[in-house]
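Peer 1: To start, I am sharing the structure in question, which I have written as structure tokens.
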């Protein structure tokens, strides 16, 4: 009986050890989110990322969304320092750190978010990654929002009407576009825009159409002035803490490697395009209108912003990148 009891006890210890080992193998990545519950990064990208990693790992690798861990400009530091494992950053919010990312933000790119995101990531892999602008993190993918437009309460049919107006421009190349058009640029993170417009700090905002719904901007602005040639976009990065990446099992790291890169950029871009459609349709229900710039206005915009490309290319060159070759390649990816 004593031997039987010892054997049963040993079996219990063995099972307990096995359960402990299985539990230790499970990994939950904390994802930092800052743009509100309606935003596509929370409603589309996060579920897709979580589902993809679970499917690859048999459920042992997953993602948990956390809101409000840090304000938008601090997201890079939040991920790099390990407060969260994974998150998305606005390159233009980290002033002076990211310069190569400005190339995709320039006026004149008329593609949608899916097209531009894939071209951006392909160019990053071929040219920009060597500059090593992002340190302490793994760049899983770069992407952009859909075509930027001007959203105002007052009806705008000409860029000349924007001169002297207080417009939130957001950072990156959007600042240069605003300056070229003569607006009184106001800078603030995206979540602060609603309050800024409602309080009169800003009279309008450079934003894509998705924000009309996700940030409730359509409650304050009723007109969106759109340029089919491409006015600007904003570049983002989905990044993973380096220590987190290094600490993943081989199986889990393979799952991450399997979804990162150009296809991830394309997928995220597609979600942002879908969000633009939702933003436009939901806003139309409340009387909002999208006004397309005339041929004359498109020519005026092109003339006023003509100097931006040279400025951006010089900044990209300063990071040791062949900027002209990178731009030619990026354009080839958009064709």
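Readers should treat all values here as calculations from the given coordinates under stated rules, not as data from a laboratory. All values derive from a computational prediction rather than experimental measurement. Here Cβ is always computed from backbone atoms with ideal geometry, including for glycine, and neighbour counts include all displayed protein chains.
Peer 1: Could you identify which residue out of 323, 131, 310 has the top mean-square fluctuation in a GNM of the chain using Cα springs shorter than 10 Å?
Peer 2: 310
Peer 1: Over the chain, what is the relative contact order in percent, taking alpha-carbon pairs closer than 8 angstrom and at least six residues apart? Numbers along the way, then the final one.
Peer 2: Working: 609 pairs, mean separation 84.5, N = 335.
The normalised contact order for the chain reaches 25 percent.
Peer 1: Stretched out fully, how many nm does the piece from residue 77 to residue 285 gain, at 0.36 nm a residue minus the Cα gap?
Peer 2: 70.9 nm
Peer 1: Rounded if a/c is under 1.5, else prolate if a/b is larger than b/c, else oblate: which is the stretch 228-289, with a ≥ b ≥ c the root eigenvalues of its Cα gyration tensor?
Peer 2: prolate
Peer 1: Follow-up. Set the Förster radius R0 to 35 Å, insert the Cβ-Cβ distance between residue 250 and residue 322 as r into 1/(1 + (r/R0)^6), and round the FRET efficiency to 0.05.
Peer 2: So the FRET efficiency works out to roughly 0.45.
Peer 1: What's the FRET efficiency of residue 195 with residue 229 using the Cβ-Cβ distance as r and R₀ = 45 Å, to the nearest 0.05?
Peer 2: The calculated FRET efficiency here is 0.90.
Peer 1: Using a simple spin-label model with points 7 Å from Cα along the Cα→Cβ vector, what separation in nm is obtained for residue 294 and residue 216?
Peer 2: 3.7
Peer 1: From the square roots a ≥ b ≥ c of the eigenvalues of the alpha-carbon gyration tensor of the stretch 37-187, which class results: rounded (a/c under 1.5), prolate (a/b over b/c), or oblate? Don't jump to the answer; show the numbers that get you there.
Peer 2: Values: a/c = 1.90, a/b = 1.73, b/c = 1.10.
Prolate, since a/c reaches 1.5 and a/b exceeds b/c.
Peer 1: Can you give me the angle between helix 250-259 and the longest principal axis of the chain, using Cα atoms only, in degrees from 0 to 90, rounded to the nearest 10?
Peer 2: Long axis of 250-259 versus the principal axis of the chain: about 20 degrees.
Peer 1: Moving on. Hey, what angle do you get for helix 308-317 against the long axis of the chain, alpha-carbon based, 0 to 90 degrees rounded to 10?
Peer 2: 40
Peer 1: Rg to Rh ratio, the stretch 169-226, alpha-carbon atoms and Kirkwood radius?
Peer 2: We get a ratio of 0.93 for the stretch 169-226.
Peer 1: Related question: Note the angle between two axes, namely the Cα long axis of helix 113-123 and the longest principal axis of the Cα atoms of the chain, as a number of degrees from 0 to 90, rounded to the nearest 10.
Peer 2: Computed tilt is about 70 degrees.
Peer 1: To continue, here is another question. Could you compute the FRET efficiency for residue 26 and residue 132, with r as their C-beta to C-beta distance and R0 at 25 Å, rounded to 0.05?
Peer 2: 0.20
Peer 1: Oh, and also: Could you identify which residue out of 148, 182, 237 has the top mean-square fluctuation in a GNM of the chain using Cα springs shorter than 10 Å?
Peer 2: With Cα springs under 10 Å in the chain, the top fluctuation among 148, 182, 237 is at 182.
Peer 1: Of 102, 55, 132, which is the most mobile in a GNM of the chain whose springs link Cα atoms less than 10 angstrom apart?
Peer 2: 132
Peer 1: Return the distance in nm (one decimal) between the two label points of a simple spin-label model at residue 155 and residue 311, each offset 7 Å from Cα along Cα→Cβ.
Peer 2: Inter-label distance under the simple model: 3.2 nm.
Peer 1: How long is the gain from residue 263 to residue 166 if the chain were fully straight, where each residue apart is worth 0.36 nm and the alpha carbon distance is subtracted?
Peer 2: Additional length available on full extension: 31.1 nm.
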